[in-house]
Amino acid sequence: MTPDTNECWILGVESSCDETALALLRTRADGSELLSERLASQTPLHSRYGGVVPEVAARAHSETLPLLAAEVLAEARQQAKAPERKPDLVAATLGPGLVGGLAAGAVFARALSWAWNARFMAINHLAAHALSPRFAGEVAFPYFLLLVSGGHCQLVAVLSPTHFRVYGETLDDAAGEVFDKVARSLGFPWPGGPHLAQAAESFAEAAGGHKPALAEMEKQKYFGLPRVFLKQTQDSEGNPQFPFSFSGLKTATVRQAQKLQQTSNGQDLRAGLAFAFESRVVEQLVRQSEAALKVFLYQESAALQAKPTPPVLAVAGGVGANHALRRGLADLAAKHGLAFCPPTPSLCSDNAVMIAHLAAERLAQATPSNSNSQEEKEEQLPVRPRWPLRA
Ligand code: KG4
Ligand code: ZN
């Protein structure tokens with residue numbers, strides 16, 4: 001921190017899966033500004049295997065991190081006209097994720113923090129996704145979030161930068177994982193989620209819009225794909241839970257895709273099946289979100305009523321870029337008088353801006369009494385392949 005300006009430069013480092021990402025954020029009393037950012041996707045490396053190969057990912061992170069860090073720092077210095085400036089804080093994802101990639105990022109980030117005499121901060125990747133809507137816009141605590149990515153699918157009350165209440169998670173596959181597996185069976189290149197979504201959009205366009213496409217699909221009985229809504233359950237502490245399950249839908253869709261391959265007009269029906277599958281995923285996500293949202297609005301009513309602005313429904317994670325899901329959540333928000341605040345698609349998927357942003361939020365929240373012991377603890381923390389969000 002520069003004492004005269006109270007300005008802090010935060011380098012965010014993300015390497016938990018298959019994106020190597022760095023971002024440099026400058027924070028001041030009046031807000032933060034992104035000075036530079038780099039993201040290297042490993043998609044070309046993994047696509048021939050049809051999924052992320054952990055060893056390949058870890059090696060690629062180790063090779064790419066120093067190159068991107070040099071570029072990010074040079075650009076930030078140029079942007080700020082401060083050629084000698086070094087970051088004051090290095091924040092790195094320590095979990096959850098693939099252990100090799102996490103270790104590569106953690107070692108690199110710690111080395112930089114020692115070299116620069118900068119503070120090190122351990123970041124939970126899910127918490128960073130959860131806070132990303134606040135980087136994108138005016139979103140006050142508490143807010144309700146659907147976190148949907150390739151590895152996670154959760155309903156969360158975001159109470160502060162470090163406090164969360166989970167209202168449900170997937171019992172089997174994450175939504176993005178299922179998008180990718182189904183997309184593969186339909187012949188789309190990996191990761192297939194965005195390709196499948198594109199095909200579903202083209203089906204809707206050809207039908208004259210989303211609503212007519214749904215009516216058309218109703219006639220075709222969604223290719224027999226099951227509608228899955230799991231009942232409310234309780235966690236070990238008696239809190240209501242609204243779980244998801246996608247594996248049955250995945251298996252049914254893959255079977256349909258195999259059948260289509262054997263028919264002469266299979267290729268023509270592919271976009272329809274993509275639309276049917278996407279609709280089934282979205283309706284499950286929206287329905288469970290609504291059930292959990294009602295509990296959230298009740299539990300947080302006092303805090304929400306004290307605010308001059310409407311409560312917020314947000315989305316984060318790669319699948320949060322999906323148009324059909326965004327439409328469904330926007331409708332849900334409107335129905336309950338909420339504001340829908342989705343981050344931009346690039347802030348939804350894995351990135352380092354959200355890592356640096358969470359560090360800035362935690363800095364702003366820290367009190368002098370707890371910060372020293374916390375800093376020492378974070379210096380020592382190991383990487384954590386599993387690191388659930390909890391209160
Ligand atoms: O958050 P993310 O970048 O990485 C993880 O932390 O998993 O999410 C990546 C996932 C992939 O499964 C990808 O196929 C999916 O998000 N995805 C989409 C769309 N864009 C990305 N799924 C459906 N529709 C999209 N438009
Ligand atoms: Zn992620």
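The values are calculated or read from the model by the stated rules, or taken from the named source; none is laboratory data. Model, not experiment: these values are computed from the prediction. Heads up, the Cβs are rebuilt from the backbone with ideal geometry, glycines too, and the neighbour counts pull from every protein chain shown. Side chains are part of the model used for accessible areas, which takes the heavy atoms of the whole protein and leaves out ligands, DNA and RNA. Shrake-Rupley method; radii C 1.70, N 1.55, O 1.52, S 1.80 Å.
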- Query: For the peptides 209-220, 238-249, 125-136, what is the packing order when you average, over each peptide's residues, the other Cβ atoms within 10 Å and list the highest mean first?
  - Reply: 125-136, 238-249, 209-220
- Message: What does the extension gain come out to for residue 309 and residue 372, with contour length at 0.36 nm per residue minus their alpha carbon separation?
- Response: 19.2 nm
- Message: Calculate the FRET efficiency for residue 198 and residue 71 from the Cβ-Cβ distance with a Förster distance of 25 Å, rounded to the nearest 0.05.
- Response: 0.20
- Query: What's the local net charge at residue 196, with K and R +1, D and E -1, over the other residues with C-beta under 13 Å away?
  - Reply: +1
- Message: So, for segment 141-308, what is the accessible surface per residue at a probe of 1.4 Å, expressed in square angstrom?
- Response: 46
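I need the Kirkwood Rh of segment 140-208: take the reciprocal of the average 1/r across all distinct C-alpha pairs and report it in angstrom.
On the way: mean 1/r = 0.0723 Å⁻¹.
About 13.8 Å for segment 140-208.
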- Task: Give the relative contact order (percent, whole number) for the chain; include only Cα pairs under 8 Å separated by 6+ residues.
- Result: 22
- Message: Over 10 Å intervals from 0, what percent of Cα-Cα pairs in segment 221-297 sits in each interval?
- Response: 17, 40, 23, 14, 5, 0
- Message: With θ taken as phi - 60° and the coefficients 6.51, -1.76 and 1.60, list the Karplus ³J(HN,Hα) couplings across segment 253-270 in order, rounded to whole Hz; mark glycine and proline as x.
- Response: 5, 4, 4, 5, 4, 5, 5, 4, 4, 8, 9, 5, 9, x, 4, 5, 8, 4
- Item | Total formal charge among the other residues, if their Cβ is under 11 angstrom from that of residue 329, Lys/Arg +1 and Asp/Glu -1 | +1
- Item | Potential extension, residue 116-residue 41 segment - 0.36 nm per residue separation minus Cα distance | 24.3 nm
- Item | Residue-by-residue Karplus 3J(HN,Hα) for segment 172-181, coefficients 6.51, -1.76, 1.60, Hz, glycine and proline x | 9, 7, 7, 4, x, 4, 5, 3, 5, 5
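Quick check: residue separation of residue 234 and residue 107 times 0.36 nm, minus the Cα distance between them. What number comes out in nm?
Value of the extension gain: 41.8 nm.
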- Expressed in square angstrom to the nearest 10, the accessible area of residue 387 with a 1.4 Å probe stands at 50
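Quick one: net charge of residue 62's neighbours, Cβ under 15 Å, K/R +1, D/E -1?
In short, -3.
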- Note on the structure: Cα-Cα pairs in the chain separated by more than 37 Å, as a whole percent of all pairs, come to 24
- Could you give the nm distance between label points at residue 80 and residue 259, where each point is 7 Å from its Cα heading toward the beta carbon? 6.0
- Compute the projected area of the convex hull of the Cα atoms of segment 141-308, averaged over all viewing directions, and report it in nm² to one decimal place. 11.5
- Query: Okay, helix-only estimate at 222 nm for the chain: each DSSP H run of n ≥ 4 adds -39500 (n - 2.57), divide by all residues, round to 500 deg cm²/dmol; what do you get?
  - Reply: -16000 deg cm²/dmol
- Expressed as a whole percentage, what fraction of the accessible surface of the chain belongs to carbon and sulfur atoms when a 1.4 Å probe is rolled over the protein heavy atoms? 53
- DSSP beta bridge pairing in the chain, given as percent antiparallel to the nearest 5: 65
- Can you list the aspartates and glutamates whose alpha carbon sits under 14 Å from that of residue 86, skipping same-chain ones fewer than 8 residues off? 7, 71, 75
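For segment 93-149, what class follows from the C-alpha gyration tensor (a ≥ b ≥ c being the square roots of its eigenvalues): rounded when a/c is under 1.5, otherwise prolate if a/b is larger than b/c, else oblate?
It comes out oblate by the Cα gyration axes.
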- residue 163 to residue 227: FRET efficiency via 1/(1 + (r/R0)^6), r the Cβ-Cβ distance, R0 35 Å, to the nearest 0.05? 0.55
